[in-house]
Amino acid sequence: MSLKFTVGDLTIHRIIEQETTFLPALEMLPGLTPELLAENRGWMQKAGALDDKDTLILCFQSYVVQTPHHTILIDSCIGNDKPRPLRPKWNMKTDDTYLRGLAAAGFPVGDIDYVMCTHLHVDHVGWNTRMENGRWVPTFPKARHIFGKTEFDYWTETNAKAPVPPFIDSVLPVVDAGLADVVGNEYQIGDHARLLSTPGHTPGHVAFAFGRGKDNAVFSGDLMHSPLQTRYPELSAKFDVDQAAAAATRRSFLARYCDTETLCCTAHFPSPSVGKIKRAGNGFSCEAV
């Protein structure tokens, strides 16, 4: 299982918190039919993306990208000590898997310069904070935390109507600590990191393109959750706030990177989670490298 990739002048590390069964495929992807699932069951199981009960297997992970100038963490996973009653595997977790994984890859929390979030869902912001003496403090005390403005405004508004726990425990404490930058889509870090507007899953979802002068690697976030969605880009997840927009965004993203040398680093595909986009029929595939 590859946890480290090198491309251009970038080194990319995967920090896995969980790789586990999530939801039945037919529930997670409302447009999926039993017939289409049957047709694709073989290769999906072989890819480690589907178990023998037709439940999707997802990886929950962060990427740490080392550019010549910065160490950048993308999407901070699930977190510990957080009340997530709807997700037993995430609820009040106390394991050291994630921080141990970071340390093993050679990254003490004080070495992270930036934390970039594709969007502000529960499993992408969790380790932004940790519990210390009964309060939430930033896990990465020296990092600037980059939140897209459209996304941040959406959750600010949503949270004003009814409490959004991950926003309250994993985003706002970072803002209160003065470590957050709420940025527009033109934002860049040096000449290595750029935002790509990829709305649909959430209104302000962004992907990140990395590389000097070209996209050596792209981080797709929740643009897609399962390899089945590369093969059939029209299959949106039930969590996509705008399923039609998500499908259009996914197809255009896959077409953009298809048959290029760009490494596509997915948030949730089973290990190795990283590949190159190729054409497959009327859709695409993410071929592991």
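Laboratory data are not the source of any read-out in this text; all were calculated from the coordinates shown. All values derive from a computational prediction rather than experimental measurement. Neighbour counts are summed over all protein chains in view; Cβ atoms, including those assigned to glycine, are modelled from backbone coordinates with ideal geometry.
Using only Cα atoms and rounding to the nearest 10 degrees, what angle (0 to 90) does helix 243-257 make with the longest principal axis of the chain?
The angle comes out at about 80 degrees.
With angles folded into 0 to 90 degrees, how steeply does helix 149-161 sit against the dominant principal axis of the chain? Use alpha carbons for both and round to 10.
Compared with the principal axis, the helix lies near 80 degrees.
Okay, helix-only estimate at 222 nm for the chain: each DSSP H run of n ≥ 4 adds -39500 (n - 2.57), divide by all residues, round to 500 deg cm²/dmol; what do you get? Present the calculation step by step, with values, prior to reporting the outcome.
Values: 9 runs with 72 residues, N = 289.
Mean residue ellipticity, 222 nm, calculated: -6500 deg cm²/dmol.
Between segment 68-98 and segment 12-57, how many Å separate their Cα centres?
22 Å
Sort out for me the Cα centre separation of segment 180-252 from segment 111-155, rounded to whole Å.
Going from one Cα centre to the other spans 18 Å.
Quick one: which of 4/149; 214/278; 89/276 span more than 21 angstrom between C-alpha atoms? Can you show the working numbers first?
Working: 4/149 31 Å; 214/278 18 Å; 89/276 30 Å.
Exceeds cut-off: 4/149; 89/276.
Would you please give the FRET efficiency between residue 161 and residue 111, computed as 1/(1 + (r/R0)^6) with r the Cβ-Cβ distance and R0 = 41 Å, to the nearest 0.05? Write out the running numbers ahead of the final one.
Numbers: r = 38 Å, r/R0 = 0.93.
Between residue 161 and residue 111 the formula returns 0.60.
Mind checking the angle between helix 34-46 and the chain's longest principal axis? C-alpha axes, 0 to 90 degrees, to the nearest 10.
70 degrees
Give me P(r) over the chain, computed from all C-alpha to C-alpha distances, binned every 10 Å, as integer percentages.
Computed distribution, short to long bins: 6, 30, 39, 21, 4, 0.
Check residue 284: other-chain or 5+ apart residues with amide H under 5 Å from its amide H, H built from backbone geometry?
231, 232
How large is ³J(HN,Hα) for each residue in segment 70-79, as worked out from phi by the Karplus curve 6.51 cos²θ - 1.76 cosθ + 1.60 (θ = phi - 60°), to whole Hz, x for Gly and Pro?
9, 10, 10, 9, 10, 6, 9, 6, 9, x
Provide the FRET efficiency to the nearest 0.05 for the residue 20-residue 261 pair, computing r from the beta carbons and using R0 = 35 Å. Spell out each step's value before the answer.
Values: r = 31 Å, r/R0 = 0.90.
The value I calculate is 0.65.
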